[in-house]
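Below you'll find the structure I mean.
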Amino acid sequence: MAETTEQTPHTRTASYLAEPSEVRRVLLLYSGGLDTSVMLKWIADEYEADVVTLTVNLGQPGEDYAAVEAKARQIGAVECHTIDAREEFAHDFVLPAIKANALYGGGYPLFTALGRPLIAKLAVDVARRTGCDTIAHGCTGKGNDQVRIEATIATLAPELKVIAPVRGWQMGREEEMEYARKHGIPLKTGTEIQPYSIDDNLWGRSSEGRWIEDLDHAPDDDVFQLVTPPERAPDEPQVVHVGFERGVPVSLDGESLGLVDLLERISDVGCRHGVGIVDHIEDRIVGLKVRDIYEVPAAAIVLLAHQELEKLVGTIHQNQFKPGLERQWAYLVYAGLWWEPLRGDLDAFMQRVNEQVTGTIGVKLFKGSARVVTRSSPNAVYDQSLASFAESGGLFSQQASPGFIELWSLQSRMAHQLRERNQASGG
Ligand code: ARG
């Protein structure tokens, strides 16, 4: 078998892709949806391989994991694993994103991009534990997710191979349904079938496909399965107080909560008030430009509050400098390079800055908007008596300002005058 591989290296486009002859036992990343259900049966038949499934709970709202496992068994999985990774996801992936105020392209809080490296890492762990030689996933060849998952596997487990059947099998939705019917794979019924391509976890939800691809089409309300459309949100505003300790969100309205609970609770209030809808044009790492509809109620509130608090405790120099590093952090994570050492270097910086980020921010939620209304922090670089108009004098001598202005503007004035003189003399 191994000889076949050596004779036909040209058929492989990457060293980590599996040749059919190498595939004996496959760890399939299984969601329970149509693609991966068809895939389970398809792999078992095409490769004559055993299929072990792994389903990862990252806080997808309303998912029934027992039903997902039962379905995998019914289709023929030899072993089924479900991992509740919400704590790890929240602490090791979402939290660094909060400290880095991470938004890609000005609007995407990266929930999918943060989830993929963790899912792939868990796939590596389970594949090794259960004696699998290959990991299979359901990503298409057009998206970012294949990059994130395969880059993680190739980084963490050079000995494991990958197959990505959707990239090659040329089945569309109809063909997949036909395949499922033919092989007795249970289909969800009627209204349960998602009309959009969905991905979600506790940090957000995305929808793609159908009219979303038509840039001229304003969002139909049926896409919003999480957030209440703002026009139907309550007529009464609500102020929520988010407390932080060293950059970690730790309380809601004075009640201390663990990170997962806190994010879920904030998500619920945000949903009720129509907060966190993002209609986003995005530059994918594989070159395509696409439109995504995001529902990110928790991120919309937590990132806003965190950023505001950071602004209050940081100096002008820190506040000017950090956004550049934040953009680089978000880009690396978006682009599937979670394991790149630079990300860790940047995290060390973010961590250090966040040691001062303690305090509470009040955010007013009302019909789709979230606005900061109150701020308090023991570390605020803010002195009310200095800022006050009523109390002039004292430590801050306004008489000193003109001297400062003269020196501060010195080079700019000289350069400006030089240019004017040169222009006048026709130079
Ligand atoms: N555009 C987002 C990203 O690249 C969301 C992708 C959602 N993934 C999915 N398989 N539907 O991270």
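So which of 148, 181 is assigned to a helix (DSSP H, G or I) and more than 22 Å from the chain's Cα centre (by Cα)?
That would be 181, the only listed residue that is assigned to a helix (DSSP H, G or I) and more than 22 Å from the chain's Cα centre (by Cα).
Considering 202, 215, which residue is of a type in the set (A, V, I, L, M), at pLDDT 95 or above, in contact with a helix residue (DSSP H, G or I) (Cβ under 9 Å, 6 or more places away or on another chain) and within 16 Å of the ligand (Cβ to nearest atom)?
The match here is 202.
A follow-up question, please. Across the range 75-104, what is the number of residues that are part of a loop (DSSP other than H, G, I, E, B) and farther than 23 Å from residue 353 by Cα?
The number of residues fulfilling the criteria is 4.
Mind checking whether some residue in the range 227-248 is within 16 Å of the ligand (Cβ to nearest atom), in a helix (DSSP H, G or I) and in contact (Cβ under 8 Å) with a residue 40 or more places away in the chain?
no
Still on this model: Does the range 58-76 hold any residues that are touching a helix residue (DSSP H, G or I) at 6+ places or on another chain (Cβ under 6 Å) and within 21 Å of residue 125 (Cα to Cα), and which are they?
Our first condition is that a residue be touching a helix residue (DSSP H, G or I) at 6+ places or on another chain (Cβ under 6 Å); within the range 58-76, this holds for 58-59, 75-76.
Hits for the range 58-76 are 58, 59.
Among all residue pairs at least 6 apart or on different chains, which show Cβ distances below 6 Å where the first residue, located in the range 134-145, is in contact (Cβ under 8 Å) with a residue 60 or more places away in the chain and the second is near the ligand (Cβ under 7 Å from one of its atoms) and in a loop (DSSP other than H, G, I, E, B)?
Once the first residue is in contact (Cβ under 8 Å) with a residue 60 or more places away in the chain and sits in the range 134-145, its partners that are near the ligand (Cβ under 7 Å from one of its atoms) and in a loop (DSSP other than H, G, I, E, B) give 144/284.
Going by the conditions given, is residue 52 more than 15 Å from the ligand (Cβ to nearest atom) and either within 20 Å of residue 200 (Cα to Cα) or at pLDDT 95 or above (or both)?
Here the answer is yes, as residue 52 does meet what is asked.
Further, regarding this structure: Name every residue in the range 138-178 that is more than 14 Å from the ligand (Cβ to nearest atom) and touching a Cys at 6+ places or on another chain (Cβ under 8 Å), in order of residue number.
160
Of everything in the range 268-320, what is under 21 Å from residue 208 (Cα atoms) and in a helix (DSSP H, G or I)? Give them in sequence order.
Across the range 268-320, the qualifying residues are 271, 297, 298, 299, 300.
For the range 121-137, what are the residues that are assigned to a helix (DSSP H, G or I), among the hydrophobic types (A, V, I, L, M, F, W, C) and away from the ligand (no atom under 16 Å from the Cβ)?
Within the range 121-137, 122, 124, 126, 127 qualify.
Select, from 67, 97, the only residue that is modelled with pLDDT of 95 or more and within 16 Å of the ligand (Cβ to nearest atom).
97
Here's a follow-up. Considering each of 118, 114 in turn, give the residue that is within 12 Å of the chain's Cα centre (by Cα), over 21 Å from residue 307 (Cβ atoms) and not in a loop (DSSP other than H, G, I, E, B).
Every option except 118 fails the conditions.
With the range 326-427 as the region, which helices (runs of 4 or more DSSP H) entirely inside it contain at least 3 residues that are within 25 Å of residue 103 (Cβ to Cβ) and not acidic (Asp, Glu)?
Hits in the range 326-427: 341-354.
Identify, by number, the condition in (1) surrounded by fewer than 16 Cβ atoms within 10 Å (Cβ to Cβ); (2) on the phi < 0 side of the Ramachandran plot; (3) modelled with pLDDT under 95 that residue 158 doesn't meet.
Residue 158 satisfies every listed condition except (3).
In the set 108, 104, which member is out of contact with any strand residue (DSSP E or B) (no Cβ under 6 Å at 6 or more places or on another chain), among the aromatic types (Phe, Trp, Tyr) and within 14 Å of the ligand (Cβ to nearest atom)?
Testing whether each residue is out of contact with any strand residue (DSSP E or B) (no Cβ under 6 Å at 6 or more places or on another chain), among the aromatic types (Phe, Trp, Tyr) and within 14 Å of the ligand (Cβ to nearest atom) leaves just 104.
If you check every pair at least six apart or on different chains, which have Cβ atoms under 8 Å apart with a residue in the range 197-223 that is assigned to a loop (DSSP other than H, G, I, E, B) first and a residue that is away from the ligand (no atom under 16 Å from the Cβ) and of a type outside the set (A, V, I, L, M, F, W, C) second?
Listed pairs, sorted by first residue: 202/86; 202/264; 202/267.
The values are calculated or read from the model by the stated rules, or taken from the named source; none is laboratory data. None of the values given here were measured: they were computed from a predicted structure. Quick reminder, even Gly has a Cβ in these numbers, built from the backbone with ideal geometry, and neighbours come from all protein chains shown.
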